[in-house]
2 protein chains.
Amino acid sequence: MKQDFELQNFLPYMLNQAAEASGLAFQKHYKDRYGMLRTEWRVLFHLGRYGGLTAKEIGSRARVHKTKISRAVAALEAKRFLTRTEQPNDRRHETLSLTPAGHSAFEEICSAAQRFDDRIATRFTAHEVAVLRKCLAQIAGRGSAREDSSI
Amino acid sequence: MKQDFELQNFLPYMLNQAAEASGLAFQKHYKDRYGMLRTEWRVLFHLGRYGGLTAKEIGSRARVHKTKISRAVAALEAKRFLTRTEQPNDRRHETLSLTPAGHSAFEEICSAAQRFDDRIATRFTAHEVAVLRKCLAQIAGRGSAREDSSI
DNA sequence: GCATATTAGTTACTTTTGTAACTAACAAGA
DNA sequence: TCTTGTTAGTTACAAAAGTAACTAATATGC
């Protein structure tokens with residue numbers, strides 16, 4: 001009898017619940033405000049933060065599959081948040097970069113994210129937050145050097 | 001300029017990455033082995049752990065929307081993991097209970113989950129795990145008494 | 001140079017999930 | 001009893017994500 005096991009204390013379950021709760025709370029900043037999906041916001045972030053990148057580069061940095069990137073890029077383009085420029089030396093690559101509108105959305109969502117993060121952190125001690133981040137990074141596979149091109 | 005903000009350190013993002021990594025690693029125990037989806041495993045868990053329940057009760061305990069429950073129950077029934085028995089006094093309710101096959105799957109997945117959880121915990125100190133669990137429970141909304149019937 | 005392989009990205013198809021409308025059963029007041 | 005309302009659960013439709021096959025461009029070996 002496995003009468004002792006509790007889903008409520010199962011780490012993957014707890015992680016999922018916490019991720020869902022915080023993700024749901026944060027999405028108002030990109031979804032309600034700009035009609036973006038999560039992947040779109042992530043692509044926007046990478047372009048805003050690191051400048052012109054190709055879809056491939058974003059995918060490997062953000063660990064997102066190329067089809068999701070492709071769809072997010074198309075959606076962001078339709079919203080006039082980014083433009084594509086074909087590379088003349090290799091016409092398979094397209095460098096993506098944010099329009100002014102895209103950049104201002106990036107700025108605003110980043111500010112909101114920063115505040116959001118700070119607000120979570122205030123619920124805990126600095127030490128607790130440090131432990132939390134450390135554990136999350138470990139579990140996420142960073143720290144144990146796992147770099148697959150996850151789908 | 002929001003050049004200081006890093007997605008990698010944004011808690012909702014980290015939570016999501018950690019949840020995805022651990023969830024993906026664990027799903028072999030219910031998906032590969034039994035062809036279940038996550039919601040099915042959760043429904044199976046609640047029935048195995050708490051005995052006969054109605055779909056409604058599972059939904060509120062597990063915080064899962066009734067349509068997801070309905071689909072999971074149908075799938076588990078098709079796999080002969082549970083049976084329905086109509087309540088004679090109120091024919092809207094159906095008490096669900098696991099078949100022997102369902103119960104043995106429950107037992108096995110619970111064991112695997114217990115081992116899985118233990119193995120994550122060994123990567124950290126007991127104190128770190130305690131902090132992690134506390135933070136996750138807090139962020140998930142338990143502890144601040146938020147009980148919405150999330151969709 | 002030309003067949004073959006590789007790479008970037010898109011499109012098509014399938015599965016899963018979200019949302020809303022629906023059915024059936026019961027409750028309760030006029 | 002006969003509306004009206006509520007509850008449990010299902011079904012239908014739409015949005016999103018996963019998977020695989022595809023196109024177009026370039027690289028490579030012969």
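The values are calculated or read from the model by the stated rules, or taken from the named source; none is laboratory data. Because the structure is predicted, anything quoted here is derived from the model rather than measured. For neighbour counting, all protein chains shown are included, and Cβ atoms are generated from backbone atoms with ideal geometry for every residue, glycine included. Note: areas computed on protein heavy atoms with side chains; ligands, DNA, RNA excluded. Shrake-Rupley method; radii C 1.70, N 1.55, O 1.52, S 1.80 Å.
Some notes on this structure:
- Per-selection Kirkwood Rh - the protein assembly as shown (Cα, Å, 1 d.p.): 21.3
- Taking every protein chain into account, the 1.4 Å probe leaves A:ASP4 with about 110 Å² of accessible area, to the nearest ten.
- Environment charge at A:ARG61 (Cβ cut-off 10 Å; Lys +1, Arg +1, Asp -1, Glu -1): +3
- For A:VAL43, the accessible area of its heavy atoms, probed at 1.4 Å with every protein chain present, is near 0 square angstrom.
- Using Cβ point charges alone (K and R +1, D and E -1), the dipole size of the protein assembly as shown about the Cα centre works out to roughly 400 debye.
- Accessible area per residue (1.4 Å probe, heavy atoms of protein chains only) ranks A:TYR50, A:TYR13 as A:TYR50, A:TYR13, with the largest value leading.
- Translational D in µm²/s for the stretch B:28-116 (Stokes-Einstein at 20 °C, 1.002 mPa s, Kirkwood Rh from C-alpha pairs): 165
- Rg over Rh, two decimals, chain B (C-alpha only, Kirkwood Rh): 1.04
- Inter-copy label distances at B:GLN27 (7 Å, Cα→Cβ; nm, one decimal): 1.7
- In Å², nearest 10: area of A:MET36 left accessible to a 1.4 Å probe: 0
- For chain B, a crude dipole built from +1 on the beta carbon of Lys and Arg and -1 on the beta carbon of Asp and Glu, taken about the Cα centre, is about 240 debye to the nearest 20.
- Total lysine pairs whose alpha carbons fall under 21 Å of each other in the stretch B:28-116 (8 or more apart, or interchain): 9
- In order along the stretch B:129-134, the phi-based Karplus estimate (6.51 cos²θ - 1.76 cosθ + 1.60, θ = phi - 60°) of 3J(HN,Hα) comes to 4, 4, 4, 4, 4, 4 Hz; Gly and Pro are listed as x.
- Charged-residue dipole, Cβ positions (Lys, Arg, Asp, Glu), the stretch B:28-116 about Cα centre, Debye nearest 20: 380
- Net charge of Cβ neighbours under 11 Å - reference A:TYR34; Lys, Arg +1; Asp, Glu -1: +1
- In chain B, the calculated helix contribution to ellipticity at 222 nm averages -19000 deg cm²/dmol per residue, counting -39,500 (n - 2.57) for every DSSP H run with n ≥ 4.
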